[in-house]
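J.: Got a structure here, written out as structure tokens. Questions coming.
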Amino acid sequence: MPFDEVLRQSPIGMAVINFDGTYEALNEVYCNIYGYTKAQMLGHCFTMVFKPEARASVLELHQRFLKTGGILGGEWEVQRADGTVLHVISESAQVPGIDGTMRRLVYVTDITTRKKIERDLEASHLFVHSVLDALPAQICVLDEKGIILSANSAWINFLISNGGNPEILLKQTSYLDLCKPDAKVTNKGSLEAELFYEKLLEVLAGDNNYFEIEYPSHLPDERRWFIARVTRIPSAEPPRIIVSHDNVTALKVAQVELHESLTFTRKLINSMQDGFTVLERNGRALEVNPALCRMTGFMDTELLRSGAGFPYWPQDENDQLQALLQRVLQGAEGEIEVSLIRKNGTRFPANMTFSCVKDENGYPINYIATIKDITERKRMEDDVHRLAFYDPLTNLPNRRLLHDRIEQSIAAGKRSGNHAALLMIDLDNFKPLNDNFGHDVGDLLLIEVASRLRSCVREIDTVARFGGDEFVVIISELQSESGNSKNQVTVIAEKIRNALCTPYMLPIQYDGKPEYIEHRCSASIGVALFNSHNTTETQVMKWADKAMYQAKDDGRNLIRFYVAPSLQ
Ligand SMILES: Nc1nc2c(ncn2[C@@H]2O[C@H](COP(=O)(O)OP(=O)(O)OP(=O)(O)O)[C@@H](O)[C@H]2O)c(=O)[nH]1
């Protein structure tokens, strides 16, 4: 085939260039690569497709090639007619011209697209590597045999910090050699190391695509934990295995600290004397302590049952509980004294304190309640109250409470306009009983007198022990008219006098044996009838006392009235 025809039909760009560099012949493909017409190229120097600064050197290469032979080819960065840059690959051969001098036949292929792909690929590799290098996890990529193909900076640094040599990356090193249970770089000899090795073999063999394992890797002066994750990328051809190690020491330490703190908190809660519970807003208890179970009689499983809420709270006071919880949700501290109900139905007084736990956004999520059994405190309060206001022998109100009751009676009279009466009652000849049979027997008589006095009056009336063998009775709500009220009191006073005259059977010990003595006694009763006008407590007491002494003076076992001057 004539040379011109070869040029014409060639699928690759071809040109013939003489010694001084001018194109002697070229084909269409060649012209198209550079974006010129044949006419624009023929007779011109081939350096026209190079950047100006490269032209002299490429001409020199061309001429040296024609003079001395050798190889002239490779990849070039050149310019199209429109100034755009393109990459070509060329090969050259010497061919003789008609005049016998040598020409250069050059074959050119446009590789711009391939170059771009190569560049993009390189950029993508670089990107992937820089991402991997930026990750704190230690990552390396293995082939199916376990050979380390690449590793990120964290992995290399870890290798170095554990005494390894990063050059192993260049030496087709098998990861299996590094992580053998007895290898230096791993947590040598540990159970986790053996497990890791076994599992890695499975992934390399394609029997498993993923596993992760947490393992300790302590240094002499530092405790460390890692998580190893091994992933086989099945879509990769040939398959690749990614091994990553994450230092999870901080997390682990936090977990350990959290666990210790929770254990401590639980111990604290469990050792509390007071009941303690944490509830969700829907009423489900999340925590209850043994003290709460002890005081309520419910088992923890019963209290923790979904929706159980506060089963020891009295049903009829549920509204109060709901209102309290509502206040607590709004940020108030809620404290309440309530009579709680044990599982067996019995009650006990408790002091409950409520507060609520909020999440990081300030939204209330849980209630916390502490429950204090205040039975003992209440009993002590009652005792203190009793000691302060009641006579310990007869359980009757003492002088202090009597004082209040007289005040109340005067106030009630002011409101109603009714009369009231104060009876001062002193036993006659009490002393001889004490003297003959002892104080204990005298006490028995006083107790019996108290009981008889109580049985003579209504609930609303007061019977008090004034001291020694002296008692006071306040009769309230008599009629407003003084004559009528005097009649009413007379009946009651008479009833009292009779009751106290009735013989007493007092148990005594005689020669170590229980016996009874019959004792007869009487009482002198002074009555002060009063209404609210110009009356004070002291006055009323004085009047009754006076009347009582009158009764004594008149011979005992008598009732005498003191009529207030305002009523005379
Ligand atoms: N057993 C006993 N005796 C008491 C108690 N408090 C006071 N007494 C005694 O009660 C007696 C009261 O004395 P008086 O009221 O003067 O004696 P009385 O024999 O009743 O004489 P008249 O009142 O004049 O009839 C005294 O002997 C006190 O020691 C007590 O709590 N228990």
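The values are calculated or read from the model by the stated rules, or taken from the named source; none is laboratory data. Source: prediction; values computed, not measured. As a convention, Cβ positions derive from the backbone with ideal geometry for all residues, glycine included, and neighbour counts pool all protein chains shown. For accessibility, only protein heavy atoms count, side chains too; no ligands or nucleic acids. Shrake-Rupley method; radii C 1.70, N 1.55, O 1.52, S 1.80 Å.
J.: Sort out which residues of the range 37-60 are of a type in the set (A, V, I, L, M, F, W, C), open to solvent by 50 Å² or more (accessible area, probe 1.4 Å) and under 17 Å from V106 (Cα atoms), and write them in order of number. Outline the logic, then answer.
T.: Let us first name the residues in the range 37-60 that are of a type in the set (A, V, I, L, M, F, W, C), namely 39, 41-42, 45-46, 48-50, 54, 56, 58-59.
This time we only want the ones that are open to solvent by 50 Å² or more (accessible area, probe 1.4 Å), so: 39, 42, 56.
L42 - this is the single residue of the range 37-60 that is of a type in the set (A, V, I, L, M, F, W, C), open to solvent by 50 Å² or more (accessible area, probe 1.4 Å) and under 17 Å from V106 (Cα atoms).
J.: In the range 143-163, is there at least one residue being modelled with pLDDT under 85 and assigned to a loop (DSSP other than H, G, I, E, B)?
T.: The answer is yes; a qualifying residue exists.
J.: Could you tell me whether the range 437-447 includes any residue that is open to solvent by less than 70 Å² (accessible area, probe 1.4 Å) and away from the ligand (no atom under 16 Å from the Cβ)?
T.: no
J.: Any residue in the range 330-345 that is within 16 Å of Y312 (Cα to Cα) sitting within a Cβ distance under 8 Å of a residue that is open to solvent by 100 Å² or more (accessible area, probe 1.4 Å)? List the pairs, counting only those 6 or more apart or interchain.
T.: Note: pairs meeting the criteria are S339/R347; L340/R347; I341/R347.
J.: List the pairs whose first member sits in the range 302-319 and is surrounded by 14 or more Cβ atoms within 10 Å (Cβ to Cβ), whose second member is β-branched (V, I, T), and whose Cβ atoms are under 6 Å apart, counting only residues at least 6 apart or on separate chains?
T.: Short answer, once both residue conditions are applied: L303/V288; Y312/T296; Y312/I341; P314/I341.
J.: Among the residues of the range 257-283, what is the count of those that are open to solvent by less than 90 Å² (accessible area, probe 1.4 Å) and farther than 18 Å from N344 by Cα?
T.: Selection size over the range 257-283: 14.
J.: Next up: Which pairs have Cβ atoms under 9 Å, sit 6 or more apart or on different chains, and link a residue in the range 419-437 that is part of a strand (DSSP E or B) to one that is acidic (D, E) and within 12 Å of the ligand (Cβ to nearest atom)?
T.: M424/E470; I425/D469; I425/E470; D426/D469; D426/E470; L427/D469; L427/E470; D428/D469
J.: Could you grab me the full set of residues in the range 424-436 that are touching a Leu at 6+ places or on another chain (Cβ under 9 Å), under 21 Å from Q550 (Cβ atoms) and more than 7 Å from the ligand (Cβ to nearest atom)?
T.: I425
J.: Quick test for you: out of E192, E118, E122, pick the one residue that is closer than 18 Å to R229 by Cβ and either part of a strand (DSSP E or B) or acidic (D, E) (or both).
T.: Of E192, E118, E122, the one residue that is closer than 18 Å to R229 by Cβ and either part of a strand (DSSP E or B) or acidic (D, E) (or both) is E192.
J.: Also, quick follow-up: Are any residues in the range 353-403 within 30 Å of T538 (Cα to Cα), more than 16 Å from the ligand (Cβ to nearest atom) and open to solvent by 60 Å² or more (accessible area, probe 1.4 Å), and if so, which ones?
T.: E381, D382, D383, V384, H385, R386, R400, H403
J.: Would you check if G467 is open to solvent by 20 Å² or more (accessible area, probe 1.4 Å), within 14 Å of the ligand (Cβ to nearest atom) and at pLDDT below 95?
T.: Working: open to solvent by 20 Å² or more (accessible area, probe 1.4 Å): yes; within 14 Å of the ligand (Cβ to nearest atom): yes; at pLDDT below 95: yes.
So G467 passes the test.
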